[in-house]
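Readers should treat all values here as calculations from the given coordinates under stated rules, not as data from a laboratory. It should be emphasised that the depicted structure is a prediction, and the values quoted were computed from it without experimental measurement. FYI the Cβ positions are ideal-geometry reconstructions off the backbone, even for glycines, and counts take in every protein chain you see.
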Number of protein chains: 2
Amino acid sequence: MSKGIPKRSEDYSLWYNEIIKRADLAENSGVRGCMVIKPYGFGIWEAMRDQLDRMFKQTGHVNAYFPLFIPKSYLSKEASHVEGFAKECAVVTHYRLKNAEDGSGVIVDPEAKLEEELIVRPTSETVIWSTYKNWIQSYRDLPLLINQWANVVRWEMRTRLFLRTAEFLWQEGHTAHATSQEAIAETRQMLDVYARFAEEWMALPVIRGVKSESERFAGAVDTYCIEALMQDGKALQAGTSHFLGQNFAKAFDVKFATKEGGLDLVWGTSWGVSTRLIGALIMAHSDDQGLVLPPRLAPLQVVIVPIYKGEEQLAAISEKVAEIKQALLARGISVRYDDRDTERPGFKFAEWELKGVPVRLALGQRDLQNGTIEVARRDTGEKQSMAADDNLASAIEALLADIQQSIYEKALAFRQENTHVVNSWDEFTQVLEEKGGFLLAHWDGTAETEEKIKEQTKATIRCIPLPGQLEGTQEEGACVLTGKPSRQRVVFARAY
Amino acid sequence: MSKGIPKRSEDYSLWYNEIIKRADLAENSGVRGCMVIKPYGFGIWEAMRDQLDRMFKQTGHVNAYFPLFIPKSYLSKEASHVEGFAKECAVVTHYRLKNAEDGSGVIVDPEAKLEEELIVRPTSETVIWSTYKNWIQSYRDLPLLINQWANVVRWEMRTRLFLRTAEFLWQEGHTAHATSQEAIAETRQMLDVYARFAEEWMALPVIRGVKSESERFAGAVDTYCIEALMQDGKALQAGTSHFLGQNFAKAFDVKFATKEGGLDLVWGTSWGVSTRLIGALIMAHSDDQGLVLPPRLAPLQVVIVPIYKGEEQLAAISEKVAEIKQALLARGISVRYDDRDTERPGFKFAEWELKGVPVRLALGQRDLQNGTIEVARRDTGEKQSMAADDNLASAIEALLADIQQSIYEKALAFRQENTHVVNSWDEFTQVLEEKGGFLLAHWDGTAETEEKIKEQTKATIRCIPLPGQLEGTQEEGACVLTGKPSRQRVVFARAY
Ligand SMILES: [Zn+2]
Ligand SMILES: [Zn+2]
């Protein structure tokens, strides 16, 4: 199989698109801005979803399902929310088609106009808080800890597979609490869940932080986020967790009888991650040979390729492979025996490399005689011969764990190399141009300065890192642009 | 907890609505025809979905995701399909809102009109076959065995929770094959998967059959279905599997190079079940005390209620319960210890009865002394005392299996009692009025007769049962209405 993938160093953007295409992850559909997630790409999403769902349930959440459509008037109820979301959305105005009189096909039936237009949800705070109003009367009804897996639509003008599409898949948690402290604790807990998922499952180191006011979710009091660094030195926001204060409770009049006999507005949170994570996974780990997947999220963890001449050799190899396969499956390792007789081993090797399968086993006649098997790891390309005995499955299991860890460490080392402390405006612009990456700089805390920096450099404040996230950020100083006092360094970067 | 559920015999329809409301399964939303599936109801859907997904994967299918929106022109490409689906659908005409100049809120921006309207998918054959055109070139690309879990929208005028809603959740399988035989085999295989799921998981006996022409899916050559009988004597279609012939391949010009060097149109199938199954589950098994859930789909299989006076007794009971809970969880049985101190045991018993939890355990001071525990099964209401020893968990496991089987047998006996062979028009109308249920009657095979029977009685042909499904149906005779020759009996009923 000829690959023809451009090198990352030559054209990162084209490299990204080609990886998605050649590894069969997704493609643009005939519908503007909407993608088709192909089975292999969807397998990655299923692995992500299953693990996140387990983590949500372990932290006491349950799933539910709310309507796709939001009446237009709901959107207007929270003032800053409507500003943020009403501008780019799909609007349903009619509920019927009819045959065109000239026989040319179907047309929208003008008689079937909705009294109030419906918005295809860009996010569900409004429709969910209008429902919570009926579910919450007393402190006994709190907390409500609910998550939804759903599709949402935001009418983006410039789209990019996985990273920015008009329709995308996500989960959105929406919780309601009796106190501010409890809601903040929930917001922080879910940020931690996302960070643990990113680091332990996606092998992606992230910075936990809080957004500046201008990057905050429309309707939130505080937006927490995890930020990751891609191989081209640009940042990618991988998940957000919002403390909503009482904003949506106010907008939808959601009050509860307190233990003490009073009546209070409910405190809220919302948090979400999306199919964008697949884009992050690709951009963080893959290389010029194709996709590199961390074993814990790989739809297929091990592939076995037979090297043979003639039916007789194949039969003997297949018999041995059946044993190995059985032992791997027994340990919960997913495995495929690629015995297609239409392709040669070299083609198969290239194909599975392109698809990022973490471990490839190859078994030939000589291996069979020697009781060995060739084991290749995708992340480093290293090959070794192992004994094909009863210990093989546990050795492969250990290898998969090692690959998971190595991919993480490689990404962490990359981030460390590409995180720069800058102390002057000259240094800021020079490092940004020459090196990219995360810039740790002092900022005077004003939206004006943030905006000026963005206009001049296209770099934005990715987050104000939480204590303990990055060494040297929790110190006072002077703003790189204005020289005014700064309470701590923040993270600047150009971003997806 | 006062129940106030009407009896099935008094008002079946109100009983159904009250079960849904009181058991916290779902509710109508502020959006016309769209429901909110509440966490407990969604738990049932998750159990259904997980098992169906396993069965789809075991039969070689993979999941993918296709766009929510369908360009209007796609719908028109398959002539009978557009007739069936274009008439009741949500139409997106604009992609932006803006602030009203009078400050009254947001309005649709007339500048942001789509060139071509988008339909919110009522089903995805068109958008999927337009994609398959690019995926299929050669016989080597076949078969394509793909499933999608998604939301769909059909603008229904009269809606009913779970049974008929504007938006619903479902899965839709869409497969492509090189030969007619292979596609028919796939259609039949998925019908069998649905029937096995209904019988073994939902404890719901079903008749496998084929639809008459007038009940066929718009665009299909043949529609196979499973039909179940509800407790009010009405039928409910629980799943359909369509042999599409080459209709969609023709409409979207999907051809493949054959092994022999020719060029042929691809053969297709599609098949689906939806959240409607939850309606079927409720209607088939529940009783005047509330929901009755088959253990294999119950979000919670066992609940344990402590009977105690004072903290000291509670502590001793809780210690024993922790042991029991551990042993049940180790067997994969879901269990909740209801130690709320805000409610009395009687209230808890009624609540879990209402929610259909298959097994309730109650543990009091005397039990503790005697080494026993009270075990109540929801389906029959029977109570027994069991030894609270090391064998308890396996005894509960066996009891759950017995409940699963008993619920199925009860439903099967009900169906048998309510399936009537009728041989004349008088008998047909009399049995339909007095008894309802499934009527096995001869029919002359014409759409005219079918339509007349429907007009006069509201009964429709639920299916033409496959051989082996119902005794006595595979014999020739004379149509109950016209007396013309009939090749076999078909199943008539009033239906949901
Ligand atoms: Zn540096
Ligand atoms: Zn009878």
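Set the bar at 30 Å for Cα to Cα. Now go through B:LYS87/B:LYS458; A:LYS57/A:LYS454; A:LYS98/B:LYS458 and name every pair that lies beyond it. The pairs that break the limit, which is 30 Å between Cα atoms, are A:LYS57/A:LYS454. State the antiparallel share, in %, of DSSP beta bridges confined to segment A:300-399, rounding to the nearest 5. So the antiparallel bridges amount to about 50 percent of the total. Evaluating 6.51 cos²θ - 1.76 cosθ + 1.60 at θ = phi - 60° for every residue in segment A:468-475, the Karplus couplings come out as x, 7, 9, 4, x, 8, 8, 9 Hz, glycine and proline recorded as x. Histogrammed with a bin width of 10 Å, the alpha carbon distances of segment A:300-399 distribute as 15, 54, 30, 1 percent, first bin at zero.
Listed by chain and number, the aspartates and glutamates whose alpha-carbon sits under 13 Å from that of B:LYS21, ignoring those within fewer than 8 places in the same chain, are B:GLU351. Using every pair of distinct Cα positions in the protein assembly as shown, the Kirkwood expression returns a hydrodynamic radius of 31.3 angstrom.
Amide H to amide H distances under 5 Å link A:GLY239 with A:ILE226, where only residues 5 or more positions off or on other chains count and H is placed in the peptide plane. For the pair B:ASN391 and B:ALA100 in one chain, pulling the backbone fully straight at 0.36 nm per residue adds 97.8 nm over the alpha carbon distance. The distance from the alpha carbon centre of segment A:153-197 to that of segment B:389-416 is 42 Å, rounded to a whole number. To the nearest ten degrees, helix A:39-58 and the longest principal axis of the Cα atoms of chain A are 60 degrees apart. Each other copy holds its own label point for B:LYS57; taking that point as 7 Å from Cα along Cα to Cβ, the gaps run 1.4 nm, nearest first.
Here the scattering of segment B:419-493 is modelled by Debye summation over its C-alpha atoms, one equal scatterer each and no solvent; at q = 0.19, 0.25 Å⁻¹ the log10 of I(q)/I(0) is -0.67, -1.22. Take each residue of peptide A:26-33, count the partner chain Cβ atoms within 10 Å of its Cβ, and average: the result is 6. Which aspartates and glutamates does A:LYS484 reach when only Cα atoms under 15 Å apart count, and residues fewer than 8 places away in its own chain are ignored? Those aspartates and glutamates meeting the cut-off are A:ASP444, A:GLU448, A:GLU450, A:GLU475, A:GLU476.
The angle separating the long axis of helix B:447-457 from the principal Cα axis of greatest extent in chain B is about 40 degrees. For A:ILE304, the residues whose modelled amide H falls within less than 5 Å of its own, excluding neighbours fewer than 5 places apart on the same chain, are A:ARG336, A:TYR337, A:ASP338, A:LEU361. Fewest-first ordering of A:MET202, A:MET283 by other beta carbons within 10 Å of each residue's beta carbon gives A:MET283, A:MET202. Counting only DSSP beta bridges with both residues in chain B, the antiparallel share comes to about 80 percent. Calculated mean residue ellipticity at 222 nm for the protein assembly as shown: -10500 deg cm²/dmol, from DSSP H runs with n ≥ 4 weighted as -39500 (n - 2.57), summed, divided by the residue count and rounded to 500.
Ignore the peptide's own chain and count Cβ atoms of other chains within 10 Å of each Cβ in A:98-108; give me the average, rounded.
What the average comes to for A:98-108 is 3.
Report Rg/Rh for segment B:103-195, rounded to two decimals, where Rg is the Cα radius of gyration and Rh the Kirkwood radius. With Rh from the inverse mean 1/r over Cα pairs, Rg/Rh is 1.12. Taking θ as phi - 60° and the Karplus parameters 6.51, -1.76 and 1.60, the scalar couplings of segment A:431-441 work out to 5, 4, 5, 7, 10, x, x, 8, 10, 9, 9 Hz in sequence order, x denoting glycine and proline. Each of A:TYR337, A:TYR408, B:TYR194 has some number of other Cβ atoms within 10 Å of its Cβ, and from fewest to most they run A:TYR337, A:TYR408, B:TYR194.
Of the beta bridges in the protein assembly as shown, as assigned by DSSP with both residues counted there, near 80 percent are antiparallel. Across the options B:ILE282, B:ALA195, B:VAL92, the greatest Cα extent toward the positive end of the charge dipole of chain B (unit charges at beta carbon of Lys, Arg, Asp, Glu) belongs to B:VAL92.
A straight Cα-to-Cα reach below 14 Å connects A:LYS259 with the aspartates and glutamates A:ASP141, residues fewer than 8 places away in its own chain not being considered. Helix A:276-285 axis versus longest C-alpha principal axis of chain A: approximately 50°, rounded to the nearest ten. The mean number of Cβ atoms from other chains found within 10 Å of a Cβ in peptide A:121-129 is 1, as a whole number. Length, then width, then depth: along the principal axes, the Cα atoms of chain B run 80, 69, 55 Å.
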